[in-house]
Each structure stands twice: as structure tokens, then as C-alpha cells.
Amino acid sequence: MENAFKYKVAIITGGARGIGKCIADEFRAAGACVYVIDKQEGEHFVGDISCKEVLEAFVSRILRDHDKVDYIINNALPPMKGIDECSFEEFQYALSVGVTAPFYLVKLLASHLSENASIVNISSSRDRMSQPQTESYTAAKGGISALTHALAVSLAGKARVNSISPGWIDTANSTLTRSDAEQQPAGRVGNPMDIANMVLFLCSDKAGFITGENICIDGGMTRLMIYNGDNGWKLEL
């Protein structure tokens, strides 16, 4: 993969840690010029993408150096709060980070996309399944999955647009149990490279006939039917 993306320009939101950092590191290793925006302090562009002016400043910074952008990876994480505790403002903030910001970032850069540009939105397997008290995050992830196919149609001929729905991805090198692995048909919990590998594939020429698609990378977890006592699962009341 070394130098596979040499001279290409890649943008990653939420790229200072976790999945986003892994994606950014892999693009750099492959020769790309990488621009990261994140709320966490660091050498990247620091800012909150829920703010329109922050996104505009970030784009202006990129366009000072480059006429064209090759890849946009919308990865920034919306907060997870449930209906019992989530305020109106908190729900709006989650949608701003998870849906509005990706839309506006693409809009700002639409006239600067290079030939064969690729946009990858990071959704979640929660776009199709839920736990209690996760409404803000789940709504944002469902929104970006739908935004993906809408953008793919609107940007036809200018960019391919796809999304990835990660399942359980361990971003903190957690101590995992045997039952954690056995819950998943793949036999293990996912790691950030599982997602980064797909991002770079979707941005490559090898994925030239893929657009408007959502790819779920969850070790098969969303395909496993669960009954009490099945597959190591036990309902405790």
C-alpha cells in the first residue's frame, strides 16, 4: 500500500484518535497529504465541526494549499444520549456533528473534488439495530447512511459516495473475554484496521464501480439471531 495514494489529498473528520486516527495514519503511510479536524488538541486543525464557521475556516485552510481534494472521510463521533436524559439541544448537536457537518463539508468542497474523488461516511451498525437510551447517536448514524445514497446520486460523475457501518470496534486495546469474541460469528471483536482497510479500498480504483453503498463491518454480529441461552447469551432479569 506504500505510496498508493501519493500526492492525493485526504480529509478526515474526528481523525485525532480511534478509528479516525487509524484511517489518517494509513493514508499517510500510503503517501497521501492528510488534513484532520478534531476537537482534541493537537497538531491538526482544532475545532468543533458542529459550527458552520469552523468548517468554513478548515476548508479555507486546505484550499490555500490545494486546488483539488481527492478523499473526504466523515468520521467524527456524535454523542450518545437517550430519550430519558437527552435534551433538545443535545439531540440537535448530535445531528449537527453526525449529519449536518458531513453534508456541509461536502457542499463546501463539491466544486473542488478531483476526478475519481471518493467520499466515505462512517455510520454504525446502530443504523439498523439499537440498545435502549441511544437515540441521539443512533439517529445521527441512520441519517448519515441515508445521506450517503442521496449524495451518491447528486454527485454522480463527480465522486463516488459510500458509507461503512462498523460494529463492535475496540479502539482502546481493551481486555476482552472469550465470550466477547464468541458473540460474533467472525470469532473476534473488530479493530480500527478493519475499518481503515475498507476506507482505503473504497477510495481506490479497485472500488470504481461501487457507489451509494453501505458496507457493514461487524463480524457478522447483526446477522446472528439471539435467543436466551443461545450462543453464550443469557438474559438476566
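The values are calculated or read from the model by the stated rules, or taken from the named source; none is laboratory data. What you see is a predicted model; the values in this text were computed from it and never measured. Neighbour counts run over all protein chains shown; Cβ positions are idealised from the backbone, glycine included.
Brief remarks follow.
- Positions within the range 131-153 being in contact with a helix residue (DSSP H, G or I) (Cβ under 7 Å, 6 or more places away or on another chain) and within 25 Å of Tyr71 (Cβ to Cβ), in sequence order: Tyr137, Ala140, Lys141, Gly142, Gly143, Ile144, Ser145, Leu147, Leu151
- On the stretch given as the range 213-237, residues that are in a loop (DSSP other than H, G, I, E, B), modelled with pLDDT under 90 and on the phi < 0 side of the Ramachandran plot total 11.
- Hits in the range 84-124 - residues which are surrounded by fewer than 20 Cβ atoms within 10 Å (Cβ to Cβ) and small (Gly, Ala, Ser): Ser87, Ser96, Ala110, Ser111, Ser114
- Top-ranked residue in the range 160-184 [being assigned to a strand (DSSP E or B) and touching a residue at least 60 places away in the same chain (Cβ under 8 Å); ranked as surrounded by the most Cβ atoms within 10 Å (Cβ to Cβ)]: Pro166
- Selection from the range 127-148 of residues that are part of a helix (DSSP H, G or I) and either β-branched (Val, Ile, Thr) or without any contact (Cβ under 8 Å) to a residue 24 or more places away in the chain (or both): Thr138, Gly142, Ile144, Ala146, Thr148
- Within the range 191-212, restricting attention to residues that are small (Gly, Ala, Ser) and either buried (at least 17 other Cβ atoms within 10 Å of the Cβ) or modelled with pLDDT under 95 (or both), the residue that is nearest to Asn162 (Cα to Cα) is Ala207.
- Test: residue in the range 46-53 that is crowded, with 18+ Cβ neighbours inside 10 Å and either without any contact (Cβ under 8 Å) to a residue 12 or more places away in the chain or of a type in the set (Phe, Trp, Tyr) (or both): no
- Options Thr148, Thr138: the member that is of a type in the set (Val, Ile, Thr), closer than 19 Å to Asn116 by Cα and surrounded by 16 or more Cβ atoms within 10 Å (Cβ to Cβ): Thr148
- You will find that of Val9, Val34, Val59, the residue that is within 26 Å of Ser204 (Cβ to Cβ), in contact (Cβ under 8 Å) with a residue 60 or more places away in the chain, crowded, with 16+ Cβ neighbours inside 10 Å and more than 14 Å from the chain's Cα centre (by Cα) is Val9 and no other.
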